[in-house]
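Below is one structure, written out as C-alpha cells; comments come after it.
The values are calculated or read from the model by the stated rules, or taken from the named source; none is laboratory data. On a predicted model such as this, the values are computed, not experimentally measured, just so you know. Every residue, glycine as well, gets a Cβ built from its backbone with ideal geometry; the counts of neighbours run over all protein chains shown. Quick note on the areas: whole protein, heavy atoms, side chains included, nothing else; ligands and nucleic acids left out. Shrake-Rupley method; radii C 1.70, N 1.55, O 1.52, S 1.80 Å.
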Amino acid sequence: AVVSTQSTGESAGTVCAVGNAVTHLKVGDRVAVEPGYPCSVCEVCLGGRYNLCPEMKFCATPPVDGSLCQYYCHKAAFCFRLPDHVSLEEGALLEPLSVAVHACQRGKLKFGQKVLVCGAGPIGLVNMMVAKAGGASVTITDISQSRLAKAKELGADATFHVTSRDSRVTADQIVEISGFSDLTIECTGVEASIGTGLWATKPGGSYVQVGYGKAEVNFPIVAVGIREIDIYGIFRYANCYPKALALVASGAVNVKSLVTHRFPLREAVKAFELTKAGTGIKVVIDCDQ
C-alpha cells in the first residue's frame, strides 16, 4: 500500500493506492504502519516470532530508509486500519506502545501484580501505561524529577527519584517504599539500573530487559540464580499492533498525552534537534505540511 505519512519510523497515514492483491484496505483508509516486515518463510517467521527474522526490513534502520516523506510504500499486511475515533497521531504511537505490549506479554503480566518500571522516558511511560491497563500496581524510577512528575500525571502509583549510583542501595530504598516487584521492566539499559531492577525483583519473579546501552554489563548473576528470577529479553515486537490498537481504541491507554511537540515536514530538522536536546516526550512530524 502507498501511504501518505505522519511521523518517521513511528508512522500512520492515509492510503493513496493499493496493489491488485490487497483486499483489506482501500484508498482513503487511515492506517497505522507497523514499520518492519519479515521474509515470512524462515523458521522464526513460521514460528510466529517474525521480529527475530534475520531478513527483517525495518523502517529507518540502515540500509532501509525511514518514512519521513509525503508518500511511503509498505507491505499492506503490516498496515492496520484505524477506527474513525482514533487519530493519526495515536496510530503513529502504536509503535512504541507495541514495544510495551510485547514486554508485558514476555514478562507474563498478571492482574494485581506489583510492577517496577525502571526509567520514565517514552518507553518507560508506555510500559507503565500498559501494565496499569493490565491491572498492575506500578512504581516507576528515574533520575529526572520532571519525568517522574509526568509519570505521576499519567497514572503511576508510586515514583522513585534515583540519586545513588549503588544499585543495591537504590533497590533497598525502592523495596522499603513499594515492596518487591512481581515483574520488573527495565527501560534504560544503564548498568546500575539493571542491577537495581534485579535486586528489587522478588524471589521467583520476572524481569524484562527493554532498554539497551552497553553491549556488555555486570549484573548480580548469583542473586538471579539463587532467587530464580526469570529474565526475558525483547526485540521490538511481533503480533502486537492489533492489541496496541485495541488498548487505544477502547480508551484503556491514552497515548495522546505523550505528544508534546508538533512540526511540519519542512521543519523536520528542528524536530530532531529538539529531540536530541531531550526536550519533550514524543515529537510528531506532519508530512502533509
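Here are the numbers for the structure shown:
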| read-out | value |
| --- | --- |
| Residues of the range 148-160 that turn out to be free of Cβ contacts under 8 Å to residues at least 60 places away in the same chain, farther than 21 Å from GLN113 by Cβ and within 17 Å of the chain's Cα centre (by Cα), as a count | 0 |
| Sole residue being outside any loop (DSSP other than H, G, I, E, B), open to solvent by less than 30 Å² (accessible area, probe 1.4 Å) and touching a residue at least 60 places away in the same chain (Cβ under 8 Å), chosen from VAL284, VAL253 | VAL284 |
| Residue that is modelled with pLDDT under 95 and buried (at least 16 other Cβ atoms within 10 Å of the Cβ), where the choices are ALA277, ALA244, ALA238, ALA271 | ALA271 |
| THR260 vs. criteria touching a Lys or Arg at 6+ places or on another chain (Cβ under 9 Å), open to solvent by 50 Å² or more (accessible area, probe 1.4 Å) and either more than 30 Å from VAL44 (Cα to Cα) or not polar (S, T, N, Q) (or both) | yes |
| Candidates ALA103, ALA149, ALA131, ALA136, filtered to the one that is small (Gly, Ala, Ser) and within 30 Å of THR14 (Cα to Cα) | ALA103 |
| Cβ-Cβ under 7 Å pairs, at least 6 apart or on other chains, the range 206-221 side among the basic types (Lys, Arg), far side assigned to a helix (DSSP H, G or I) and surrounded by 11 or more Cβ atoms within 10 Å (Cβ to Cβ) | LYS214/GLU191 |
| Odd one out for CYS59, checked against (1) free of Cβ contacts under 8 Å to residues at least 60 places away in the same chain; (2) open to solvent by less than 20 Å² (accessible area, probe 1.4 Å); (3) more than 24 Å from ILE123 (Cβ to Cβ) | (3) |
| Of residues in the range 11-25 being within 11 Å of CYS73 (Cα to Cα) and part of a loop (DSSP other than H, G, I, E, B), the one nearest to the chain's Cα centre (by Cα) | VAL18 |
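Rundown of residues vs (1) more than 26 Å from ALA277 (Cβ to Cβ); (2) open to solvent by less than 10 Å² (accessible area, probe 1.4 Å); (3) assigned to a helix (DSSP H, G or I); (4) without any contact (Cβ under 8 Å) to a residue 60 or more places away in the chain, yes/no style:
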| residue | (1), (2), (3), (4) |
| --- | --- |
| VAL86 | yes, yes, no, no |
| GLU89 | no, no, yes, no |
| SER98 | yes, yes, yes, no |
| GLN105 | yes, no, yes, no |
| GLY124 | no, yes, yes, no |
| MET128 | no, yes, yes, yes |
| ALA131 | yes, yes, yes, yes |
| SER146 | no, no, yes, yes |
